[in-house]
1. Sum up the charges of everything whose Cβ sits under 14 Å from the Cβ of A:Gly89, counting Lys and Arg as +1 and Asp and Glu as -1, but leave A:Gly89 out.
2. To one decimal place, what orientation-averaged projected area in nm² is obtained for the convex hull of the Cα set of the protein assembly as shown?
3. Note the distances from A:Asp70 to each other copy's matching label point, with points 7 Å along the Cα-to-beta-carbon direction, in nm, sorted shortest first.
4. Tell me, which cysteines of chain A are without a disulfide-compatible partner by the Cβ under 4.7 Å rule?
5. Could you check the spin-label model distance between A:Phe289 and B:Asp70? Points 7 Å from the Cα along Cα→Cβ, value in nm.
6. Before rounding to the nearest 500, sum -39500 (n - 2.57) across all DSSP H runs of length at least 4 in the protein assembly as shown and divide by the residue total; then give [θ] at 222 nm in deg cm²/dmol.
7. Just read off the accessible area of B:Arg411 with the full protein assembly in place, 1.4 Å probe, to the nearest 10 Å².
8. Would you work out the charge dipole size for the protein assembly as shown about its Cα centre, treating the Cβ of every Lys and Arg as +1 and the Cβ of every Asp and Glu as -1, and quote it to the nearest 20 debye?
There are 2 protein chains.
Amino acid sequence: MPSYKAPVEDVLFLLNDVFEMSRYANLPGFADATPDVVEAILGEAAKLCENTLAPLNRVGDLEGCTRHADGSVTPPKGFKAAFDAYAQGGWIGLSAEPAYGGQGLPYTLGAVMNEFSSAANMAFSMYPGLTMGAMAAIQVHGSDEQKQTYLPKMIEGRWTGTMNLTEPHCGTDLGLLKTKAVPNGDGSYAISGQKIFISAGEHDMSENIVHLVLARIEGAPAGVKGISLFIVPKFNLNADGSVGARNGVTCGSIEHKMGIHGNSTCVMNYDGATGFLIGEMNGGLKAMFVMMNEARLGVAIQGLAQSEVAYQNAVAYAKDRLQGRALSGVKASDKPADPIIVHPDVRRNLLTIRAFNEAARALVLWVALQSDVAHRSGDEKAIQVADDLLGLMTPVLKGVLTDVGFDNTVRAQQVFGGHGYIGEWGMEQFVRDARIAMIYEGANGIQALDLVGRKLPANGGRAVMAFFNEVGAFLKENSGGDAGLAPFLGSLKQGLEHLQKATMWFMQNAMAKPDNAGAGSHDYMHLFGNVAMNYMWARIAKVALTRKGDPAMDAKLAVGRFYVERIAPETVAHLSRITAGADALMALPAEAF
Amino acid sequence: MPSYKAPVEDVLFLLNDVFEMSRYANLPGFADATPDVVEAILGEAAKLCENTLAPLNRVGDLEGCTRHADGSVTPPKGFKAAFDAYAQGGWIGLSAEPAYGGQGLPYTLGAVMNEFSSAANMAFSMYPGLTMGAMAAIQVHGSDEQKQTYLPKMIEGRWTGTMNLTEPHCGTDLGLLKTKAVPNGDGSYAISGQKIFISAGEHDMSENIVHLVLARIEGAPAGVKGISLFIVPKFNLNADGSVGARNGVTCGSIEHKMGIHGNSTCVMNYDGATGFLIGEMNGGLKAMFVMMNEARLGVAIQGLAQSEVAYQNAVAYAKDRLQGRALSGVKASDKPADPIIVHPDVRRNLLTIRAFNEAARALVLWVALQSDVAHRSGDEKAIQVADDLLGLMTPVLKGVLTDVGFDNTVRAQQVFGGHGYIGEWGMEQFVRDARIAMIYEGANGIQALDLVGRKLPANGGRAVMAFFNEVGAFLKENSGGDAGLAPFLGSLKQGLEHLQKATMWFMQNAMAKPDNAGAGSHDYMHLFGNVAMNYMWARIAKVALTRKGDPAMDAKLAVGRFYVERIAPETVAHLSRITAGADALMALPAEAF
C-alpha cells in the first residue's frame, strides 16, 4: 500500500527562507504565525494526514459511497471519524475569521494543509474543501445574519457545504442554466431543478449540508445576467438556528466516476426546496466566483498533491526494486541486480516529477501569500498588486499544476512497470484521482481562455506587466552574483523573452481575430507556467547557493539544474505553436472532423 | 455509449495510393491481395469489429473476468460467442501459413485487423492477439511435429495461446527468473514456478490453452543464457493429438487492474506441469523475441487504436454539445449555444489526436510492409533492408504510439468535460485501457533503450543510415515540386537535421559514457517518432495534392498542416534535452531522492 510523508521541511524552507514570511507580520493573523508556531501547526497537519487520512485512501477508492433507497448516502468506512478529527483539529476554520470561531491564521497555511490532505486522501479532502469554498462565498456575500447562522457551524464542522453549478446541459456555459427560483412571499424562494457532479452532495458526516445553488429567479434576464445564488440547507433551520425538518433537496444518484470514489459526487434534485438569496439578485455569478477562485487554487494544489504522493512512492519502489544493471557498471554487486534508481531513464521520470513538485509548491505559496495580502492588507497599492497577480496566476496554476500533476502520476506509475497497473500498489488510483483536477472548477481549456481573454488584457495588461517587471527586476538584481545562479538566470531570461514575445503576438493578432487567442491559449498557459516555475527555481537556487554543503540544499541545486536543462527548453515549442495562429485549427470544416 | 467506425477508407488510401501495395505483388500472399479483395476483407473486418466487438467493450469493463473456486475463469458475457465469430471468420489465421490452415495473406492486413479490433474492444482483441503471438514462436522455432500439433488448432481458434515471461521479482530483467524445468526422462520437462500478469491466462473460450513458458532447466547457466522456452498445454494431449487430462498449471488469481478488465490477466501457478522444449535449450530468450517483436508492433497498434476510437467519440460529442459561443461570433443562431467544435482549443485537442492517428496508421502500415518483405521476400538485399527498418522502427512505434496514444485518450476525454470522468460515457475506459500499452511487452523506457543501445549501433548504424537515406532521398526528389508540399518538406528537413544531430551526439558521447545514451533515450525515441510521422505526412500530402478538391484529400492537407505547425516543432526541445546529457540526471545521490 502506498504511503505518504508530508513535505514539512520543504514548506518551512520556502516560507522562512525563500519568501521570508516574517516580512508579512503586519498583516492580520501573520503576527501569530511565527516560525515556531508554523512549524508546530504543520507538524500537527502532517500527523493527521499521514496517520489518519492516508490509510483511508485506498479503502475509500475500493468501497466508494453508497446511496440507499431513501436517498441517504454513506461514505466509506472511517471517513466520518476522520472528518471529526479534521474538524476538531480546527483545520476547517484555520484561516477563517475569528469573529465566527475561525483561527484567523494566514490562508497560506490553509493552502499547505490543502496540499498535505489532498496528497494523503484527495477524495476525503474534498469534504472540508467544499465546505471552505462555501464559507468563502458566505463570508464575502452573505448578510450578517447569514454569516452568524452558517459560518460558526461550518467552522466547527457540524455543517458542511457544497457548490451547485452544473446541470446536465450546462457546465462551462452557465448562461444556459434552468434551475428555477420562485419567490415564496416570505423572502425565501422555492428552488427546483437538477444539478449534477455535486461533490460531497449528500452524506451523513455532518448534521446539515449547506448547498450553495445557482438558479434563475422567475422573470430574470436570460443568460448569465439572470442568475442568482441561493443558500439551500439540507435541513431547514428552526427559529433558534437549530436543525429542523428536511428540505426539498435529495440525492438522486451517485455518479460512477473514474476516481475520487471516496467522495460522494451526486446528482441533486431540487423540488421546491426552500432557498435564501445570498448576495445581490441576479448577481449570482459574481458571488459564485468567490468560491470558484478559491476552489481553483485548491484544485491546482490537488494536482501538486497527487504528483507529490506519487513521486514519494515511485522513489521508494525505485530504490527497492532490483532489475538489470547500471549502464555504467554494476552498483550493487552483493545483489542479483541493481535497484532501478541507477537507470538514467528512471531518474528522468523521477526528476521530471520532482523538479515540478518543488517549483509548483513554491508557486502555490507565492500566490497564496498574494491572496493573503489582497484580502488582509490595509495598503491600497499593495492590495492592487497582489490582487492582480492572484487573478493572473490562478488560471495558470489551475491549468498547469493539474495538467502536469496528472502527467506526473502517470510517470510515477510507469516506474512500477506492470505493478503500476495493479490496484494493490495504489499508483493507478493516483492517476484516476488526479484526472478530475484537469476538468472540474473550469476545465483547463477554460482556464487558458480566462488567462488569455480576460486576465491578460484586464486594466491594459497591468497584471502581466507587473509579473514581467518583477521577474525582470530579479534578473537584473542577481546578474553578476553567484556564478552558480547563472544557468537559472539564463534559462529564465530566455523563457521570459519567449513569454513576452507570445504576449506581444496576442496583442497584435488577437484583437482583430479572437480565434488567434483561443488557438494559442493552451500553449500560452503552459509557457507562462514554465517561466513562473523557472522563476521559482531561480529564487530557490539563490538561497540554496548560500548554503552549499547542506545535502538538502545541494539536492535543490541538482533538481533545479534538471529543470533548467530539461523542462525550461519547452518554451520555444510553445512560442512557435502560439505564433502559428489559428488558421490551421479553423481550416477544417466541422463536418470534416 | 461510445461507438466505433473502422477507418476502412483511410487504410485503403494508404495501402493503394500512398504505399502502392501492388508493387509488392511478387511476394507470397500479395498476389491474392488485390485492391478489391483487400477492400472486401477490410469490409468484413469492419463489420465484425463494429457490430460484434465494440458493443461488448463496456460490458467487458464492467463485468470483468470471474475466477471460480476451482481455478476456472469465466470471461465477460458475450466474449465466447464473439471469439467464435472471430475464429470462424478466419481472422486468427489471416496471415498464417496455408500449410497449417492459414490464409497466407499479408501480415499488413493482419495489422489492420489488429487496429480495428483493438479499437473496438482492446481487452477482447488480446485473446486472439496472444494466440497469434504464440503461433509466431511455434512457427519459427517449433519442430515440424510441434507445428503440426499446435498450429492448425490455434488457427481454427479451438486452442488459444499465452506468453509467460514475468515473475513477481522479474519483468524487464529476465535473467532473474526462477521457474524451473526438470527433465522427466521421456523428453518432456516438469515445469514449476509462478508467473504473473499472464494475459488470457485462463478462460473457457477454447478447448485448450497453449502456454509458452520461459523456465530454467536444472543446471543451466545463470542469467539470460540459461533460459529455455517451453510449450505447456493446459490439457495434456493424447497420442492422437486430442485433448486429454488436465496438466499441472492453474490460475491462482486474477489481477486487479486499472483497465482491460475483459481480459483475464492471471497469476499462473506451474506445479510440475508437463512442458516441451521449443527451440534450442537455453535459447529461450531468442525464441521469445519472435513473439515479443510481433507483440510489440501489436501493442503499438493498440495505442493508435485507442487514440482513434477516443477521437471518433470526442468528435461526435464536440459536434453535439452546445456550450458557449464562437469567439469569432455566433455560429448556430437557432440554438441556445454553439456546438463546442467551434472553439479553437477544442479543435486543438481534436486535431492533435487526428494528426497523430493518420500518421501513426501510415507508419504502422509502412512498417508492416517491411515485415512482410523481411519474412516473405526471396531477395537477400531486400530482406536485409526491410529487416533493418523493422528492427529500428519496432521500438519507436511501440514507445511513441503507446505514449502518444494514451495522451490522446486523455485529450479526447477532456473534450467531454465532466462527462468524460463518468463511466457511462465510456471515455475514461479508453484512458484506463490505453494505459497498459505503455507498460507491457517491454515498458517504454526499455523500448527507448533498445532503440538507442541496440538498434542504433547495430551493424555500424546501418539501419538508421538507411532511414536517413530514404527520407533524404524523398526530400531531394520532391523539392521543387508542388508548392503545397513545401511546408511538409521544410519541417521534415528540420526534424531530420535534429534527428541526425542527436544521433551524432550519441555516437560522440555515449560510447565513453553509456549513461548519456540512457539519459537521452526517451527523447530520442520521441524525436524519431516525430520525424517518422512527419515523413508519413509528407508522403500523404504528396498524394493528396494531386487530388485537391476531393474533401477527404483537402482534409488530409489541413490536418497535415496542423502537424507541421503544431507537432513538428517539438523536435527542437527533444534535441536540446538529449544534448544536455546525463550529468543532471546522475548528480543526485540515490538517498537524496
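The values are calculated or read from the model by the stated rules, or taken from the named source; none is laboratory data. Quick caveat: nothing in here was measured; it's all calculated off a predicted structure. Don't worry about glycine lacking a Cβ; one is built from the backbone with ideal geometry, like all the others, and counts go over all protein chains shown. For accessibility, only protein heavy atoms count, side chains too; no ligands or nucleic acids. Shrake-Rupley method; radii C 1.70, N 1.55, O 1.52, S 1.80 Å.
1. Working: positive: A:Lys47; negative: A:Glu44, A:Glu50, A:Asp84, A:Glu156.
Net of charged neighbours comes to -3.
2. On the way: hull surface 179.3 nm².
About 44.8 nm², averaged over all directions.
3. Spelled out, the distances from A:Asp70's label point are 4.5 nm.
4. Lone cysteines by the Cβ rule: A:Cys49, A:Cys65, A:Cys170.
5. About 6.8 nm separates the two model spin labels.
6. Numbers: 36 runs with 604 residues, N = 1186.
Helices in the protein assembly as shown give a 222 nm mean residue ellipticity of -17000 deg cm²/dmol.
7. Rounded to the nearest 10, that gives 70 Å².
8. Working: 100 positive and 120 negative charges, 244 e Å.
For the protein assembly as shown, the charge dipole is close to 1180 debye.
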